[in-house]
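Peer 1: Okay, handing you the structure first.
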Amino acid sequence: MKLRLATCALMITAAFAATGANAQDKKALAFVVNGASDFWKLAEAGVKKAQEELPNYDLQFKYPEQAAAAVQQRLMDDLVAAGVSAVMVSAVDPKSSTDALNKVGAQVPLFTTDSDAPDTNRIAYIGSSNTDAGKQAGEIALKALPDGGKCIGFVGLPGADNARERIEGMKSVIAGSKVELVDVRGDDIDMTRAKRNVEDALAANPDIDCMVGFYSYNPPRIYEVLKESGKLGEITIVAFDEDPITLGGVKEGTIAATVVQQPYEWGYQGMKLMAKYLEGDKSMVPDNKLVIVPTKIIDKANVDAFEAELKARIGG
Amino acid sequence: MNRKDLGLLILILVVGTVVAIINPRFLSPVNLSNTANLIGLFGIFALGQAFVIISGGIELSVGSIIALLGVIFVDLVSLGTVNWSVAFAAVLALGCLIGLVHGLLITKARLQPFVVTLCGLLIYRGVARYYTDDATAGFPFGASFPTLEWLVAGRFYGIPHSLIAFIIITIIMAVVLHRSVFGRYLFAVGKNEEAARYSGIHTSRIITAAYVICCGLTAVAAVFIAMYTRSISPSSHGNFYELYAIAAAVLGGCSLRGGEGSIIGVVLGTVLLQVLQNLVNLLGIPSSLNFAVMGSVILLGVLADQQFYRTRKSVARAAG
Amino acid sequence: MPRTEQAGPLPAGLLRRSCMAATLTPIIGGMPHSFLALTGISKLYPGVTALDGVDLRVSAGEVIGLVGENGAGKSTLMKILGGVVEATGGEIEIDGDRVDRLSVNGSMRAGIAFVHQELNLFDNLSAAANIFIGREPLKGGPLRLIDTEALNRQAKPLLDQLGADFRPDTKVADLSLAQMQLVEIAKALSLKARLVIMDEPTSSLTVTETNRLLAVIGRLKAERVAVIFISHRLGEVKQVADRVAVLRDGRLVAELARSEIETGTMIRHMIGRDLKTLYGPPAAPPGHAVLELADVRTSYRPDQAASFSVRAGEILGLAGLVGSGRTELARAVFGLEPILGGEIRIDGRKVGLRSPREAIQHGVYLVPEDRKRSGLILSFRISHNISLASLKSLSRRGIVDGAAERREAEAQKKNLDIRCLDTTAEAGSLSGGNQQKVVLAKWLSMQPRVLIFDEPTRGIDVGAKNEIYRLMRELSDRGVGILMISSDMEEVIGVSDRIAVMHEGAIAGFLDRSQFTEENVLSLAVGRAAIREAAE
């Protein structure tokens, strides 16, 4: 690793030099994400898998250097200018980027993933339904708290669509039961604040029964705080996504269960869908233009199998 | 303690009293202990920033250094190839080296501190992201480093060790800044570099030392913060932390023109910032208003201070 | 610099001459076209009379030489003309209309333009852009774009008129000093200036450049533009002036018509009083040379070398005109500027002084000219200022011994009679004289070998002045070598044991006590040629 650090500068230069030299004879399909995270590593693995099955295409996986709409937009414009044939994007800010996305969609077939932009001219959305995922979280809570209880949620950006849909989904399921979600605290994706939010929540509400981590890094922070304060096992944790700590907690039984998306499938199925579409086969696009890859509940029963699958995918 | 520090202390006490009245849990041992922990984490690098600001400069790369050194530290420790103490020494040395480079670029190459450290902000962030391939650096589930965890995240009768470290560093830095020859030279250089040079002070060495101290303390803070979050996503870890440091230093009476400031002021500034963050959560104020609350209270405090000072001056004048 | 009232009484004869000069004025200056008239202009600063009843008339196409010693009031008079400073008495008439308050804008409207010693040009812009700054021709439209072509087109005739040898679109940074002056003059012409005031315009020019500038003055004259030419170079004044006004101690002491302009006459009017040495000879004859400069060249005048030595127990006065290179030489000795050639010896040993720190290590200390900027940290306590250079000896293992520091400050306070309530007060709260004593205290708490004073009493009241002089003498009696740079003639003659006079980067000559007269100093200061002229 030290050696790696030392060669960083060299590698960066090399990387710049390499991007210009892509083969132009194959049709290029681009998968543009909204920022850097482990989550997208899985999608990248799915894209790699798809590449094996699509030798006639050049599949590209692109990270914008910043999770900003403008930066992502420029990246897409550059890709279109460089001649890619289709783009799949997880838009940073789908709501206010309608025009910009339409511009891309007017030039090449545009697909959305992760967060949809239904008002644009996108061909289809492929990804999870965050509302469904939220509902599954609600089911986990209902099951873990048969006598009801107070829950508090933690999330990065409470106003973001994916966060809101997950929260609404969960609320719709627990509505009418004795389980209630009393508050959701945001942290602006700052892990220090994420952890402090859990600490403060615990200090302010010592009688809390359940904590929900809506973004992938929230459950580990909940887990750590409860562990440090000796409340692990006393307070139910409902999780999203597959952070290693989260899976460890599930295995240990201290986290009730976690709702996972299948970014691998988005990458894999998404690329194949795009290739098919370019070849003229439009049958895979449903009428509502939503290709939903269902989210899964991972609990103690299936966690080992899930982890093995993850390892295989990221390792491969 | 001068007038400004006293005003800040009063502001902290007023805010604290109001919060405690609305939600008495503010004073619960758990909450105080948690807040103390964060004061320790943010205070350590705010002290460093104060040295640079007193020298008449600014260090904008603090957040990026915290991310870079954090991922390196977590990586070295979780791989288990080296002992954590070696990793700590390596990170500290790297921090000091970064400070040395900044100092030399500013004093020898005569670049503006703003430019040098702004470039640092971009470079270290980029390197940190490249180092982990943009992945989150963290410890595997169940990984445990008992001594290290006890040292940096442990609590002694509820007092977090980060606060104890912060207090020790504060005392050392207070002696360095307010009692040592170096501290006096630092104030002299920050206030009037020319007069300092005319008095035979090696001004470029003093300025460079300020950056070494700043980045060295930032390295210490980086380790504490890394062990607090236990997981670092290099693209967002430590974002804007330089602003917390600058805000704490300036609140504490450091002048951005250099040559002014005190350690006690910076400590109080850090305390206020963390109490404000705590308040947002405890009073159930929507998280999105976090920064707005922070900005408003600081602004009101500064205004009240100014107003109070003016009134007192005019009263004094009337009496005289 | 304004001279204090106590500058010594004027001999009666001189007073009479100045009255005569005043009565002469209407005859010489009262030409029909005089568009600017100053009558009885006075300027009082608290405790200082900078100008006292000065009359001056300016007519179209006339070149007036304005001469006087440093501090005679020339700058103040020019500042009043520029509207920067308001006169406290007297009248200004422009085109026959009385002007109560001349503002900067009013001065510009009246057609008065300045070519300053420090040029006020934007060196990142072209010559043409500088000439028309703020009045650029525009292309029209909402963006208000500058019409660069028109800009250059309009600038060209102005520059041609002055015989400029560069294009209007040349960047000012790429021009020589003389060329920049032409840009300033062109700017003045573009503003339809009727009077161009040139303050020491030739001080940094070569001989050829100077001749070209004098030719430009001729052309301005032909265009009916009046010129006030301020210079210490009396030869040049003699060459171009139609009339010379001599200022001394804020008074207009003589106006010389063209036929009366002689270097010797000008010098006599400029001095006009006897200055005495204030102190007797040193207690003991001077010892060995503590500081020696052998052919030292600085970047200021790389072609000129200066050599002199300061002996233990002596005060060497370094006189010369402003801009003769004295300060640069002192800066070089103190390690602030690199030495391009020659060597500096301290106690006979060659030393390399690359920074003030090294100079201080060798016992060479500087009391700088601008004490507020370079001598003191105004917001620091008095005691902290005093200890700033000697802090290491007042500390143990890097920690300052506060008690020792206070003791030292109190000792220095007593020793130098620094008047303050407490040494914990801010240095900025002290008067100028006491501030200077704090600077001195900083050095006296150490072991000085050589003390350099750059304008030691600038801006200090008379009482404190004498105290500073007394301290200098005490120090030299203790064996310290003192080098005193001063533009104050009274001070140079009154305090020095020996005077070295600088002229354009070189030592023009040395004077012993027996030769101390203002005339001798001034003759050397304006260049050896002046002596010859005076002798003629």
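Peer 1: Condition check: under 30 Å from A:A203 (Cβ atoms), part of a helix (DSSP H, G or I) and of a type in the set (S, T, Y). Does B:S78 satisfy that?
Peer 2: Answer is yes for this residue.
Peer 1: On the basis of being surrounded by fewer than 23 Cβ atoms within 10 Å (Cβ to Cβ), modelled with pLDDT under 95 and within 12 Å of chain B (Cβ to nearest Cβ), does A:S229 make the cut?
Peer 2: The answer is yes for A:S229.
Peer 1: Looking at this structure, is C:A186 of a type in the set (G, A, S) and either surrounded by fewer than 21 Cβ atoms within 10 Å (Cβ to Cβ) or closer than 25 Å to C:S34 by Cβ (or both)?
Peer 2: In short, no.
Peer 1: Between B:I22, B:I39, which is within 13 Å of B:L279 (Cβ to Cβ), within 12 Å of chain A (Cβ to nearest Cβ) and in contact (Cβ under 8 Å) with a residue 40 or more places away in the chain?
Peer 2: Selected residue: B:I22, the only one of B:I22, B:I39 that is within 13 Å of B:L279 (Cβ to Cβ), within 12 Å of chain A (Cβ to nearest Cβ) and in contact (Cβ under 8 Å) with a residue 40 or more places away in the chain.
Peer 1: Continuing with this model, one more query. Tell me which residues, restricted to the range B:193-210, are within 7 Å of chain C (Cβ to nearest Cβ) and not in a helix (DSSP H, G or I).
Peer 2: B:S199, B:G200, B:H202
Peer 1: Which numbered condition trips up B:V86, out of (1) out of contact with any strand residue (DSSP E or B) (no Cβ under 6 Å at 6 or more places or on another chain); (2) aliphatic (A, V, I, L, M); (3) surrounded by 15 or more Cβ atoms within 10 Å (Cβ to Cβ); (4) closer than 24 Å to B:I169 by Cβ?
Peer 2: For B:V86, the failing item is (3).
Peer 1: A follow-up question, please. So C:I217 passes all but one of these: (1) at pLDDT 90 or above; (2) assigned by TED's automatic domain parsing to the domain that holds C:V54. Which condition number does it fail?
Peer 2: With (1) at pLDDT 90 or above; (2) assigned by TED's automatic domain parsing to the domain that holds C:V54 applied to C:I217, the lone miss is (2).
Peer 1: Taking the range A:181-223 as the region of interest, how many residues are closer than 20 Å to A:V250 by Cβ, outside any loop (DSSP other than H, G, I, E, B) and more than 7 Å from chain B (Cβ to nearest Cβ)?
Peer 2: Final tally of qualifying residues: 11.
Peer 1: Can I ask one more? Suppose we keep only residues that are within 27 Å of A:K300 (Cα to Cα) and surrounded by fewer than 16 Cβ atoms within 10 Å (Cβ to Cβ) within the range A:143-170. Which one would you say is farthest from the chain's Cα centre (by Cα)?
Peer 2: Among them, the one singled out is A:D147.
Peer 1: Additional query: Could you check the range B:133-184 and list, in sequence order, the residues that are within 14 Å of chain A (Cβ to nearest Cβ), of a type in the set (D, E, K, R) and farther than 30 Å from A:P64 by Cβ?
Peer 2: Across the range B:133-184, the qualifying residues are B:E149, B:R155.
Peer 1: Does any residue of the range C:10-19 turn out to be modelled with pLDDT under 90, touching a strand residue (DSSP E or B) at 6+ places or on another chain (Cβ under 8 Å) and part of a loop (DSSP other than H, G, I, E, B)? Break it down into steps so the answer makes sense when it comes.
Peer 2: Residues of the range C:10-19 that are modelled with pLDDT under 90, as a first pass: C:10-19.
After this cut, where a residue has to be touching a strand residue (DSSP E or B) at 6+ places or on another chain (Cβ under 8 Å) as well, the list is C:14, C:17-18.
Imposing the further condition that a residue be part of a loop (DSSP other than H, G, I, E, B) reduces the set to none.
No.
Peer 1: Quick test of your reading of the structure: A:E65 fulfils all but one of (1) assigned by TED's automatic domain parsing to the domain that holds A:K41; (2) buried (at least 22 other Cβ atoms within 10 Å of the Cβ); (3) not in a helix (DSSP H, G or I). Name the failing condition by number.
Peer 2: (2)
Peer 1: Out of the range C:331-386, which residues are at pLDDT below 90 and under 23 Å from B:G190 (Cβ atoms)?
Peer 2: Passing the criteria: C:D370, C:R371, C:K372, C:R373.
Peer 1: Quick test of your reading of the structure: C:A409 fulfils all but one of (1) out of contact with any Lys or Arg (no Cβ under 6 Å at 6 or more places or on another chain); (2) within 11 Å of chain B (Cβ to nearest Cβ). Name the failing condition by number.
Peer 2: Condition (2) is where C:A409 drops out.
Peer 1: Can you name the number of the only condition in (1) within 14 Å of chain A (Cβ to nearest Cβ); (2) under 28 Å from B:G265 (Cβ atoms); (3) small (G, A, S) that B:A128 fails?
Peer 2: Unmet condition: (2).
Peer 1: Condition first: within 23 Å of B:Q49 (Cβ to Cβ) and either β-branched (V, I, T) or surrounded by fewer than 15 Cβ atoms within 10 Å (Cβ to Cβ) (or both). Now tell me which residues in the range B:119-160 satisfy that. Show your work before the answer.
Peer 2: To start, the set of residues in the range B:119-160 that are within 23 Å of B:Q49 (Cβ to Cβ) comprises B:119-128, B:152, B:160.
Within the range B:119-160, B:L122, B:I123, B:V127, B:V152 meet the criteria.
Peer 1: Next question. Any idea which of A:V104, A:V89 is over 16 Å from A:A36 (Cα atoms) and surrounded by 21 or more Cβ atoms within 10 Å (Cβ to Cβ)?
Peer 2: After applying the criteria, what remains is A:V104.
Peer 1: Can you report the number of residues in the range A:24-58 which are crowded, with 22+ Cβ neighbours inside 10 Å and in a strand (DSSP E or B)?
Peer 2: Total meeting the criteria: 4.
Peer 1: Report yes if C:N385 is assigned to a helix (DSSP H, G or I), surrounded by 21 or more Cβ atoms within 10 Å (Cβ to Cβ) and not aliphatic (A, V, I, L, M), otherwise no.
Peer 2: Yes: the conditions hold for C:N385.
Peer 1: Could I ask something else about it? Which condition does B:Q277 not pass, out of (1) part of a helix (DSSP H, G or I); (2) touching a helix residue (DSSP H, G or I) at 6+ places or on another chain (Cβ under 6 Å); (3) within 13 Å of chain A (Cβ to nearest Cβ); (4) in contact (Cβ under 8 Å) with a residue 60 or more places away in the chain, if it passes all the others?
Peer 2: Condition not satisfied by B:Q277: (2).
Peer 1: Would you confirm whether or not the range C:363-373 contains a residue that is outside any loop (DSSP other than H, G, I, E, B), within 20 Å of C:V480 (Cα to Cα), touching a helix residue (DSSP H, G or I) at 6+ places or on another chain (Cβ under 9 Å) and facing chain B (nearest Cβ under 7 Å)? Before the answer, list the steps.
Peer 2: Going residue by residue through the range C:363-373, those that are outside any loop (DSSP other than H, G, I, E, B) are C:364-367, C:371-373.
Of the ones still in play, those that are also within 20 Å of C:V480 (Cα to Cα) are C:364-367.
Among the residues that remain, those that are also touching a helix residue (DSSP H, G or I) at 6+ places or on another chain (Cβ under 9 Å) are: C:364-367.
Now restrict to residues that are facing chain B (nearest Cβ under 7 Å): C:366.
Among the residues of the range C:363-373, at least one is outside any loop (DSSP other than H, G, I, E, B), within 20 Å of C:V480 (Cα to Cα), touching a helix residue (DSSP H, G or I) at 6+ places or on another chain (Cβ under 9 Å) and facing chain B (nearest Cβ under 7 Å), which makes the answer yes.
Peer 1: When the range B:221-254 is examined, which residues are found to be of a type in the set (S, T, N, Q) and part of a loop (DSSP other than H, G, I, E, B)? Don't jump to the end; show me each part of the working.
Peer 2: First, the residues of the range B:221-254 that are of a type in the set (S, T, N, Q): B:229, B:231, B:233, B:235-236, B:239.
Residues satisfying the conditions are B:S233, B:S235, B:S236, B:N239.
Peer 1: What's the number of the condition C:E490 fails, among (1) charged (D, E, K, R); (2) assigned to a helix (DSSP H, G or I); (3) touching an Asp or Glu at 6+ places or on another chain (Cβ under 8 Å)?
Peer 2: So the condition that C:E490 fails would be (3).
Peer 1: Might you let me know whether the range B:67-82 holds any residue that is within 12 Å of chain A (Cβ to nearest Cβ), at negative phi and acidic (D, E)?
Peer 2: Within the range B:67-82, one or more residues are within 12 Å of chain A (Cβ to nearest Cβ), at negative phi and acidic (D, E).
The values are calculated or read from the model by the stated rules, or taken from the named source; none is laboratory data. The structure displayed is predicted, hence computed values, not measured ones. Note: ideal-geometry Cβ built from the backbone for every residue, glycine included; neighbour counts use all protein chains shown.
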